[in-house]
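Nothing in this text is a laboratory measurement; each read-out follows from the coordinates by a stated rule. Note that the structure is predicted; figures quoted are calculated from it, not measured. As a convention, Cβ positions derive from the backbone with ideal geometry for all residues, glycine included, and neighbour counts pool all protein chains shown.
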Amino acid sequence: MRVVVAPDKFAGTLTAVEAAEAIIDGWTRRAPDDELVAVPMSDGGPGFVDVLHAALGGELLAVTVSGPYEEPVPALVLRVGETAYVESAQAAGLHLVPAQERRPEQATSAGVGELLREAVESGATRVVVGLGGSGTNDGGAGVLAALGALPTGGVLDAGPAGLHGLADVELGPARELLAGVELVAASDVENQLTGLLGATKNFGPQKGVAEERLVVLDGWLEELVAATGHEGRLTAAQKGAGAAGGIGFALLLLGATREPGVALVADAVGLAERLRGADLVLTGEGAFDFSSRSGKVPYGVAQLAAEALVPCVALAGEVLVGSREMRTLGVESAYSLVDLVGRDAAFADPAGSLARLAERTARTWGRRP
């Protein structure tokens, strides 16, 4: 039996590579003769560079950039030929700052711009920026500042609070830096920048924005949009402009094209080709719920599996959908770590727990003697 193992990260516990290893370990305990093919996945968020490096090889360039509060953080640029891959979460990720220390009104995306600059200065002619998992909500203003954009009446690299009073943004220096470079925004969400469907309203609370401050931060992002003129207003309404707290907006404003993160990674790692001739595909993530349809890995993997006529099964930390919703997502069955071992054990030993779940899944989905 040939089984393709294509999970996302299990946020806060396992990388996608570690999750794939745990699933393979557990499955082979039950079915040691099966062929297991590891294809770790990402939607553009944390683990994006790790997954691509595991699949594509290439050269990793170690750099130090600014974190959300301008503290130095380590990051990586992956060079594969003329293409560079960078991960916004390495510089602006929510995971970089403990919950009690988050100050979302001051958090800046400047480090992502520094990463992008490093990629360009490495000689890349195409730069792909993975978006997702950010702890910032500044509309990508910090990115623009790090690339040389010049503000009038406000500050671009001081978080959303710095945007109050912003009158104009001169984008010329940033565009000059990126001249001749193809820029791609690998986005895991389709939200626009502002309003009810925007970055602040939908993702601000998970970054620490208090309910009563959501309208204030959204207003500051509107000031950024107004300062970038007619082009900015058109860009703010595009799909993906609200990705990563609005970093998508900054990249689109600088000429980026947007590609769904899962599709981009799937293409890069050759997932469709690897599914040919497979008997089963196993995917997974930390929480499998109906939001998985919005550009998340299990949904993307399930769609490709359906095209290849291969059944898809999900293993997750928690399963928060019923069988009807599951099948709407293209998944035949889904199994939960929490249901098997309990929440405490799942967090205490995530790899071991996932291996146990995979072993149990093999009893149901593996080939019977």
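Quick notes on this structure:
- Potential lengthening between residue 37 and residue 320 on full extension [0.36 nm per residue; Cα-Cα distance subtracted]: 99.2 nm
- For the chain, the calculated P(r) over all alpha carbon pairs, in 10 Å bins from 0 to the bin holding the longest distance, is 6, 25, 32, 22, 11, 3, 0, 0 percent.
- Ranking of 319, 86 by neighbouring Cβ atoms within 10 Å, starting from the fewest: 319, 86.
- Calculated FRET value between residue 197 and residue 327, using beta carbons and R₀ = 22 Å, to 0.05: 0.25
- Contact order normalised by residue count of the chain, Cα under 8 Å, 6+ apart, percent: 19 percent
- Of 111, 81, 240, the one that fluctuates the most in a GNM where the chain has Cα springs shorter than 10 Å: 81
- Take every pair of alpha-carbon atoms less than 8 Å apart whose residues are at least six positions apart; their mean separation over the length of the stretch 48-262 yields a relative contact order of 20 percent.
- Kirkwood hydrodynamic radius (C-alpha pairs) into Stokes-Einstein, the stretch 111-180, 20 °C and 1.002 mPa s, D in µm²/s: 169 µm²/s
- Computed helical MRE - 222 nm, the chain, DSSP H runs ≥ 4 contributing -39500 (n - 2.57), nearest 500: -11000 deg cm²/dmol
- Semi-axis lengths, largest first, of the ellipsoid equivalent to the stretch 182-341 are 34, 20, 10 Å, with √(5λ) applied to each eigenvalue of the Cα gyration tensor.
- GNM top mover of 277, 300, 133 - the chain, alpha-carbon springs below 10 Å: 277
- Extension gain, residue 226 to residue 152: 0.36 nm times the residue separation minus the Cα-Cα distance gives 25.4 nm.
- Once the Cα atoms are used to define both axes, helix 110-121 deviates from the longest principal axis of the chain by about 80 degrees.
- Projected label distance in nm at residue 306 and residue 367, using a 7 Å step from Cα toward the beta-carbon: 2.7 nm
- Extending 7 Å from Cα along the Cβ direction at residue 122 and again at residue 59 yields two label points whose distance is 0.9 nm.
- Longest to shortest principal axis, alpha-carbon extents of the stretch 286-369, angstrom: 37, 36, 19
- Two-decimal log10 I(q)/I(0) for the stretch 48-262, as the Debye equation yields it once each C-alpha is a single scatterer, q = 0.14 Å⁻¹: -0.72
- With each label modelled as a point 7 angstrom along the Cα→C-beta vector, the residue 257-residue 348 pair spans 5.1 nm.
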